[in-house]
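See below for the structure under consideration.
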Amino acid sequence: MEKIFIIGRRRTGVGSIVKSFKVLKYKASEIFVDEKASKIDDIIKSMKDKAICGVPFDYTMNDIRAIEAAYPSARFILTERSVDEWYSSFLRFYNGDEARSAYKNKGHYVNDFYVKFNEDVRSHFMGKEWKILYIKFGVNASWASVCSFVKKPTPNKPFPHENIFKK
């Protein structure tokens, strides 16, 4: 069974991509989305009988290498947003959590971490472009991108966008 891991940072559209796979007729039993998953070893083990990993997890490059070691033919989707939109969403999401609201005045640090991870992923997959799809919301988040990657017909429905912030 083909394995696809959605590896974008939290608040980058992972939920939208998971929903797109459901529209493409992937069964719920094929999609791993346990929000309590906290260790890469558990995620890798749980993916044994699954096709899609949509766990909101802050992957590291070591995690990605561990996934590739366990599932050499695995493919990946890196979800992204513009840095400003991502940080704004990040703050809105964690606004009520005092432990995380400490990030409010550290935007430069948090943003640098976000940008570096995305750059590291791009560097890691250079020369292996067939293994990764880059989805940037507001740029190329579309049925054409996803359906081309998984070789499925394009549905006649709007592309899903979960958790859109409405002012």
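Look at Phe76 and say whether it is within 15 Å of Thr12 (Cα to Cα) and at pLDDT 90 or above. Spelling it out, Phe76 is indeed within 15 Å of Thr12 (Cα to Cα) and at pLDDT 90 or above.
For (1) under 17 Å from the mean Cα position of the chain (by Cα); (2) open to solvent by 30 Å² or more (accessible area, probe 1.4 Å); (3) among the hydroxyl-bearing types (Ser, Thr, Tyr), each residue gets a yes or a no:
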| position | (1), (2), (3) |
| --- | --- |
| Asp112 | no, yes, no |
| Glu119 | yes, yes, no |
| Lys131 | yes, no, no |
| Lys157 | no, yes, no |
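Which one of Val33, Val23, Val14 is of a type in the set (A, V, I, L, M, F, W, C) and open to solvent by 50 Å² or more (accessible area, probe 1.4 Å)?
Details: Val23 fails: open to solvent by 50 Å² or more (accessible area, probe 1.4 Å); Val14 fails: open to solvent by 50 Å² or more (accessible area, probe 1.4 Å).
Criteria check complete, one pass: Val33.
If you go through segment 36-88 and keep only what is small (Gly, Ala, Ser), open to solvent by 80 Å² or more (accessible area, probe 1.4 Å) and in contact (Cβ under 8 Å) with a residue 24 or more places away in the chain, you end up with just Ser73.
Taken over segment 89-109, the residue count meeting the criterion of being surrounded by fewer than 18 Cβ atoms within 10 Å (Cβ to Cβ) and either of a type in the set (A, V, I, L, M, F, W, C) or modelled with pLDDT of 75 or more (or both) is 4.
The values are calculated or read from the model by the stated rules, or taken from the named source; none is laboratory data. Treat the numbers as computed from the prediction; the structure is a model and nothing was measured. Here the Cβ is made from the backbone with ideal geometry for all residues, glycine too, and neighbour counts use every protein chain on show. When the accessible area is computed, the model is the full protein with side chains, heavy atoms only, and any ligands, DNA or RNA have been set aside. Shrake-Rupley method; radii C 1.70, N 1.55, O 1.52, S 1.80 Å.
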